[in-house]
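Here's the structure we're looking at; comments come further down.
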Amino acid sequence: MYPYVLLVLFVLLLAEISIKNLATAKEQNSNDIHLEAPHLSDRTESNRPPIKPSTNVPQKKIKQKISNTKNKINPCKGTYVRTNGTTCGLKEIMIGRCYEYQFVKYPSATNQHNIKNCTALYETFESAVRYKSHCNMNMSTYKDYFDLALAGVHVINRAMFWSGTYAVTHAYSGSGLNYITLEDTLAAAMVNGLVWCGNENHTEGFDFNSCPNNCKDNRWADLAFWGLASKTFAQLAAGEIFVILNGSQLHGRSAFRNNSYFSDFELPNFRRHGEYRVTKINALVLHSPDEKVMERCGEKSLRLLEDLITNNGFEYACKDDPEELILIMCGNQWEARECQIARRVLRQAWDTKLYGTSNSNQKSLSLLMIFYFFLIKIVVFNNKV
Amino acid sequence: MFYHQLYLVLLLVLVTININSLALTIDQKSNTVHLEAPNLSGQYHNNRPSLPFSSNVNKIELISKADIINPCNGTFMKTNGTTCGLKEIMLGRCYQYQYIQRGLYLSNTTAVKNCTELYELFESEVRFKPYCNMNMSTYEKYFQRALEGVHVINRAIFWSGTYAITHTYSGHGHNYITLEDTLAANMLDGLMWCGKENDPQGFDYVSCPNNCQDNRWADLAFWGLASKTFAERVAGEIYVVLNGSRTDGRPSYRNGSYFAEFELPNFQRTGPYRVTKINILVLHTPDLPVVERCGDKSIIHLEHLIRDAQFEYICIDDPDELLLIMCGDSWGARECEVARTALRRAWDLKVLGKSNANYYPLSLLLLFFTGIFRQMLSN
């Protein structure tokens, strides 16, 4: 008689615990709040012109439509019209960003020795571009601008470079808080994301309707700004530097390839001698969630990079997917397969924090098992008797 | 004899596998690359004046400025006065907002607001005017013009004690819209300014008072009216991110916060652009104790207020979407350790084909030894 009473009590106890667990589990799950996935990276791509390989084969002559600006509406007055021409308000934006950079973003780094006159800086930039034909630009067009904007700057042990990894790199560098990318320097910050091209015939000296990005006779025209920017920045980097590469590139591209800004303008220009030389290059190879692994440290183009670097007398280290960056990758691709376990783990950690126990039925499961053992034992016992 | 040869081959295979995986293990560990912890929300700083608690106001010394050099020309010093280049920064931001951040343009028109006009509307209320004379209607014209035609439907997010993480999550308007993502506030976000009657520039560049003893509304003139106007223009479902791990003894929802004073009371209750539902998200910082959760103390109080106003209400603690961001900001935190390990393993599996463990060769080794024993037994 007694064992049965005990059993019944036991069952009731278990039932209560199970129901309670189920109830709490259900509450958390039936959250009918729809929330957006996080997107840690502001901008996913740089809008620099890609470097096209220089070939000796005469390019197919694309008939350039020189926009007859006289008949086009000025897209900068009144209503907004989307164009791929010079950004409206280029001057105001650049000057505003210059003040913002020096007085709002990095005020403690600004002092009487390195403060730059924003109007002068803008005018140096403008004089290289305005009323000039875009396709006449070359690798020294913006020299004065960079000399002025980057005067006295050295980035020691914190310079970060990137190739095919714009979004993650900039989320990680944290606008210069963690590391400094080219886009975190004054020279580049003033124009990052903007479009501009000079035009001899336009009243404003800029073409607001359309900017060519394919100067058939002069491939350097498109690279005039960002090419020189990359080169100058590379020359200012010292000590240990970091480069973030994409080991999951699509379409057969290599992680390290010719015709990238990194290989054409940055790597060749790292200082090898002197007080402000580069000592070590740390390559971080990232593999995007949900994408195939194409190259890892020590393989193919990364092998090539290693050889280039060590031949130039720099130290080299390579790491695949550092944890610090995995977090950011998952922050940008919330639904990815590789990120699921971590999400669940985070949920459990916070449930423990909030409720003291994780919302799992583990405890009641083990109790249930003990119960069944008892049951079997009793049945067997009864049968024996 | 045949079996012996087979065993030898198997042995060789096992040895190679073991050496390979050992080598890989060593490789990953000896990566001496020192990396900084990520810091996702580090770029966000809230510099609004906090609502002053009434009375017991400190007497502010008005420093005589006549002898101090204008810190914006030449000898720059960081002060807590008006931001240098206020006008240029505001104009630049206005153009940038309207021509570059188009996705953020929250009204239905393609009209572009005249940036110079907007700046002048702002400036005329502040320049050459004593700071402590400002009140809740000072900036009305500015906000009316800057927020003209704006409605934020189902995407507005509010915050109290959670500035940085809310802005990381809202992603500059990508995910949600905060007040700071509207043109009116974007132009001034993070800047400092105060007018001064007898300064040649009309602004005080040396020091801005933030405690006007006779007029508590002076400090709230801008951000108070900004919050109110923004709250009046949000519709549908809205989100509020609260701090459930406050360390200063304040409740998660408290009177004397911008949210309680200027936002909650001004949500539209009727009409086509009314607020229908308020979603409360309560966050608990890693490594800090849990002070309040949904259904606790001040949050219950908030629930009553919301239901009394006929809005739908729901509250959730630490939504999944925000956990990652919290760990991104508190990289070394205890709660984040297991997740970091989980991510590491997931990527080791992805990149190396297996996690850096020796279990495959171990199981083969076991098979091999069972084989040997069987052999010995049969012998």
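Tell me, yes or no, whether the range A:311-323 has at least one residue that is polar (S, T, N, Q), assigned to a helix (DSSP H, G or I) and modelled with pLDDT under 90. No. At least 3 residues being without any contact (Cβ under 8 Å) to a residue 60 or more places away in the chain and either closer than 23 Å to B:Asn39 by Cα or of a type in the set (Ser, Thr, Tyr) (or both) is the threshold, and among the helices (runs of 4 or more DSSP H) wholly inside the range A:81-173 those reaching it are A:118-129. Across the range B:331-344, the qualifying residues are those that are touching a residue at least 40 places away in the same chain (Cβ under 8 Å) and either facing chain A (nearest Cβ under 8 Å) or buried (at least 18 other Cβ atoms within 10 Å of the Cβ) (or both), and the one among them that is farthest from A:Met329 (Cα to Cα) is B:Glu335. When the range B:168-210 is filtered for residues that are in contact with a Cys (Cβ under 9 Å, 6 or more places away or on another chain) and surrounded by fewer than 18 Cβ atoms within 10 Å (Cβ to Cβ), the ones remaining, listed by number, are B:Gln201, B:Asn210. Somewhere in the range B:207-218, is a residue assigned to a helix (DSSP H, G or I) and more than 12 Å from chain A (Cβ to nearest Cβ)? Looking through the range B:207-218, at least one residue is assigned to a helix (DSSP H, G or I) and more than 12 Å from chain A (Cβ to nearest Cβ). The residues of the range A:144-153 that are surrounded by 15 or more Cβ atoms within 10 Å (Cβ to Cβ) and of a type outside the set (A, V, I, L, M), listed by number, are A:Tyr145, A:Phe146. Residues of the range B:123-142 include none that is surrounded by fewer than 22 Cβ atoms within 10 Å (Cβ to Cβ), assigned by the TED database to the domain that holds B:His284 and more than 23 Å from B:Cys212 (Cβ to Cβ).
Against the condition crowded, with 21+ Cβ neighbours inside 10 Å and in the same structural domain as B:Gly92 (by the TED database), how does B:Asn243 come out, does it pass? Yes; evaluated as a whole, the condition is true for this residue. Of the residues screened, A:Leu236 is one that is surrounded by 15 or more Cβ atoms within 10 Å (Cβ to Cβ), touching a residue at least 40 places away in the same chain (Cβ under 8 Å), of a type outside the set (Lys, Arg) and within 17 Å of A:Trp162 (Cβ to Cβ).
The single condition among (1) over 27 Å from B:Trp217 (Cα atoms); (2) away from every other protein chain (no Cβ under 14 Å) that B:Gly171 does not meet is (2). Going by the conditions given, is A:Ala317 among the hydrophobic types (A, V, I, L, M, F, W, C), surrounded by fewer than 20 Cβ atoms within 10 Å (Cβ to Cβ) and within 23 Å of the chain's Cα centre (by Cα)? So A:Ala317 passes the test.
Residues are listed down the side, and each one gets a yes or a no for (1) modelled with pLDDT of 90 or more; (2) in contact with a helix residue (DSSP H, G or I) (Cβ under 9 Å, 6 or more places away or on another chain); (3) charged (D, E, K, R):
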{"site": "B:Asn80", "(1), (2), (3)": "no, no, no"}
{"site": "B:Gly92", "(1), (2), (3)": "yes, yes, no"}
{"site": "B:Gly103", "(1), (2), (3)": "no, no, no"}
{"site": "B:Val112", "(1), (2), (3)": "no, yes, no"}
{"site": "B:Tyr139", "(1), (2), (3)": "yes, yes, no"}
{"site": "B:Phe143", "(1), (2), (3)": "yes, yes, no"}
{"site": "B:Ile153", "(1), (2), (3)": "yes, no, no"}
{"site": "B:Ala156", "(1), (2), (3)": "yes, yes, no"}
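The values are calculated or read from the model by the stated rules, or taken from the named source; none is laboratory data. Since this is a predicted model, take the numbers as computed values, not measurements. Backbone-built Cβ (ideal geometry, glycine too); neighbour counts: all protein chains shown.
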